[in-house]
Amino acid sequence: MPNEKIKTTMNIESDILKELKKMAEDKKMTQTEILNKTLRKGILLEKEAEKQEKTKGDNFLKLAGVVTSHEPFNVTEELRKMRNGEL
């Protein structure tokens, strides 16, 4: 069940707890709501960072494929064509 609440005990650094309390006050939300929202964002960011790390080399290979050619060509001329939308 995705929104099931589980009570737990955690050790949170004091500066983080102060910020959490301030954010909750400012947004008129509970500390639990702020904490859950922030943790969800952090988890999504971590997953995205892991995904990018796994595919980092793939992006380079795709870029390298753009300049693969069986015949010689003028790089300057081809870049001009790309910039002008001719390719």
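The values are calculated or read from the model by the stated rules, or taken from the named source; none is laboratory data. All figures in this text were calculated on a predicted structure; none of them were measured in a lab. Backbone-built Cβ (ideal geometry, glycine too); neighbour counts: all protein chains shown.
Kindly indicate whether residue 58 is modelled with pLDDT of 95 or more, surrounded by fewer than 11 Cβ atoms within 10 Å (Cβ to Cβ) and in a helix (DSSP H, G or I). It would help to see each step written out before you state the result.
Working: modelled with pLDDT of 95 or more: no; surrounded by fewer than 11 Cβ atoms within 10 Å (Cβ to Cβ): yes; in a helix (DSSP H, G or I): yes.
Judged against the criteria, residue 58 is not a match.
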> Looking only at segment 61-77, which residues are of a type in the set (D, E, K, R) and modelled with pLDDT under 85?
Replying inline: 62, 71
>> Condition check: outside any helix (DSSP H, G or I) and either free of Cβ contacts under 8 Å to residues at least 12 places away in the same chain or surrounded by 10 or more Cβ atoms within 10 Å (Cβ to Cβ) (or both). Does residue 22 satisfy that?
In response: no
